[in-house]
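Let me begin by presenting the structure, written as structure tokens, before commenting on it.
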Amino acid sequence: MSKPNIPEDLKQPIVFQKYQRFIRLGTGTFTAGIMAYLVLFHDFGEQEHCFNPIRRLYKSQLDRLWSVGQAAPAPTAPAEAASSPPSQTPSATS
């Protein structure tokens, strides 16, 4: 049995080599984004599922991140600014 005769144009890659890196990077980024969405945000219903522990960890870390500014004490004015400055006008009793 002999090999089939394949024209040379069909042996060329469909995606050109200079764009292959960008296409692979875009595909990987898109896939990672879809996976993150499905794990963290997609609604699988009210029942317990395998992503609930990851979602609880994510929500606790997100709450901790956003509560940092709220947990900090309010800035206080320096002691010098809080007290009233002495008056610079001469007293009338002299």
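For the stretch 10-22, how many residues are modelled with pLDDT under 90 and in a helix (DSSP H, G or I)?
Here the count works out to 7.
Applying the selection to the stretch 1-44, what residues are under 28 Å from Leu57 (Cα atoms), aromatic (Phe, Trp, Tyr) and open to solvent by 100 Å² or more (accessible area, probe 1.4 Å)?
Phe30, Tyr37, Phe41
Out of Ser60, Ser91, Ser87, I need the residue that is at pLDDT 90 or above and small (Gly, Ala, Ser). Which one?
Ser60
Go through the stretch 45-56 and give me each residue that's assigned to a loop (DSSP other than H, G, I, E, B), surrounded by 10 or more Cβ atoms within 10 Å (Cβ to Cβ) and not hydrophobic (A, V, I, L, M, F, W, C).
His49
The values are calculated or read from the model by the stated rules, or taken from the named source; none is laboratory data. Because the structure is predicted, anything quoted here is derived from the model rather than measured. Note: ideal-geometry Cβ built from the backbone for every residue, glycine included; neighbour counts use all protein chains shown. Note: areas computed on protein heavy atoms with side chains; ligands, DNA, RNA excluded. Shrake-Rupley method; radii C 1.70, N 1.55, O 1.52, S 1.80 Å.
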